[in-house]
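Each remark here refers to the structure printed beneath this line.
Since every read-out is calculated from the coordinates, none of them should be taken as a lab result. Predicted, not measured: the structure shown is a model, and the values here were computed from it. Note that each Cβ is placed from the backbone with ideal geometry, even for glycine, and that neighbours are counted across all protein chains shown.
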Amino acid sequence: NEMTAEPYKIKMIEHLKVTSREEREQFIREAGYNVFNLRSDDVYLDFLTDSGTSAMSEQQWAGMMLGDESYAGSRNFYHLESVVKEYYGYNYVVPTHQGRGAEHIIARMLIRPGTYIPGNMYFTTTRAHQELAGGTFADIIIDEAHQPSLSYPFKGNVDLQKLRDLIARVGAANIPYVSIATTVNMAGGQPISLGNLKQVRELTQQHGIKIIHDMARVAENAYMIQQYEPGYSDKPVAAIVREICALTDGATMSGKKDALVNIGGFLALNDLALYEEAINLVVLYEGLHTYGGMAGRDMEAMAIGITESVNEKHISARIKQVQYLGKKLLDGGVPIVLPVGTHGVYIDATAFLPHLSQLEFPAQALTIALYKEGGIRSMERGIVSAGRDQNTGEHIFPKMELVRMAIPRRVYTNLHISLAAEIAIKVYENRNNISGLKMVYEPKYLRFFQARFEPL
Ligand code: F0G
């Protein structure tokens, strides 16, 4: 997989600030050793997330000028609705301010206390809303997904036996839906295959269980199917996206990923009665059902972004840039999750820092080292992100301690990517100097965002 040149040119730029190591050491200390507390001005290469950080196209910016900011019935809503129907095939669309707004509404509608929500690995906000509604998440992803160094093509696949066992144990009536993510963020941005999804559909249909699709990166998943699943190499990404969506009953969407916008999302449904309940709830928590927490201009930008997300040149360059970073890191000996996922490269912090125990927060410590070395901001995806068991209050010990370098879409040049790899390789060469952390402040929900640490 070779790097391809960017299929766009740059019209407007943002200046980057270069800081000294001494400054960075001070900034990260003041941030409580949590990169979420840094000012972005003090970051050189921001790989914290690919969420809401992508660059919009001139068409999207032009669309912003077409914003119809009427309280009700904005024309941009109708445009968004028609694009969602055309590109994703769902019947009904409820706009929300971002993905978790949609997760909140679907969880509130479908989950009753004591029920179970199986999923191809958890995602932080998704699981939090399932738990707030009284449900328990059950991991049904294949075991391969929990083994970072094992290269396996579709690590986002569901282990059907795990799903059958859960149904046998708790009963189909206690499973409101199966949550299927395209792609699986916490596994390293790994895709699910269409073959596997079809089997999940068959099994859930036999038991009358719904599938709710977390479709934040569905175009990226579709590209991986086109490239790596036998039988799909001649199919356009757009057609594969439609095929994925058709196997599910509804979806939560964070438009901040695939759809190339800075803010926005929606809940999509096929069932009219559920849709009616959802538009009633959205008024309470987000806004009227024709804007749901978004400005008209933001809905317009998202509608246009969806059409761009399935463009073959765009999606291929996007994923090849991520794969290029992965290859550079591998060549430099850095242990990463294999195969490289679609929205970022995930460093295996356990293998990187074998001298640290999981309670010394190795992945968190590595995010700090990357920042100090070169002003790179990455994200912890290990024990800090996993949080605590809601019943016992104990830490959840995830099998993987990962550091994600997520790549925003259309933002950094390939030279930036090369430089980032060099910085990370330098940190790797000096890995023995990296010490662990202790947590000195821990918020109750989604602690990774606001926790504070001190070096050991
Ligand atoms: N589902 C997945 C798979 C996600 O990656 C995210 C967000 C969400 C749902 C929630 O969407 O942020 O619009 O409310 N992921 C971001 C990330 C935060 O950095 O991976 P949201």
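Remark: Ser40, Ser74 ranked as Ser40, Ser74, counting other beta-carbon atoms within 10 Å and listing the fewest first. Estimated from the Cβ-Cβ distance and a Förster radius of 45 angstrom, the FRET efficiency linking Arg431 and Ile13 is about 0.85. Sites count as exposed loop sites when they are GluC sites (Glu not before Pro), lie in a DSSP loop, and have at most 14 other Cβ atoms within 10 angstrom; the longest stretch of the chain without one is 70-393.
Each eigenvalue of the Cα gyration tensor of the chain, multiplied by 5 and square-rooted, gives one semi-axis; in descending order these are 32, 26, 22 Å.
Over the stretch 283-438, the Kirkwood radius and the radius of gyration, each from Cα atoms, give a ratio Rg/Rh of 1.07.
Taking amide H as placed 1.01 Å from N in the peptide plane, Lys257 has its amide H under 5 Å from the amide H of Gly52, each at least 5 places away in sequence or on another chain. Stretched out straight at 0.36 nm per residue, the stretch from Leu150 to Lys235 would grow longer than its current Cα-Cα span by 27.8 nm.
Residues Ile225, Ile111 in ascending order of nearby Cβ atoms (within 10 Å, fewest first): Ile111, Ile225. Between the beta carbons of Glu394 and Glu277, assuming R0 = 41 Å, the FRET efficiency works out to 0.70 to the nearest 0.05.
For the pairs Lys9/Lys320; Lys9/Lys256; Lys210/Lys399; Lys372/Lys426, note any where the Cα-Cα span goes beyond 23 Å. In this structure, Lys210/Lys399 lie more than 23 Å apart at Cα. Which FRET efficiency, nearest 0.05, do Tyr441 and Arg39 yield, Cβ-Cβ r, R0 22 Å? E(calc), rounded to 0.05, equals 0.70.
Among Asp234, Asp249, Asp165, sorting on how many other beta-carbon atoms sit within 10 Å of each Cβ, with the fewest leading, yields Asp234, Asp165, Asp249. Straight-line reach from Lys198: taking Cα to Cα under 19 Å and skipping same-chain neighbours fewer than 8 places apart, the aspartates and glutamates in range are Asp139, Asp159, Asp165, Asp214, Glu220, Glu229, Glu243, Asp249.
In the chain, taking the dipole from charged Cβ atoms about the Cα centre, the farthest positive-side position among Gly326, Ala138, Met121 is held by Gly326.
The gain in end-to-end length when the Leu132 to Asn174 segment is fully stretched comes to 13.5 nm, 0.36 nm per residue minus the alpha carbon separation.
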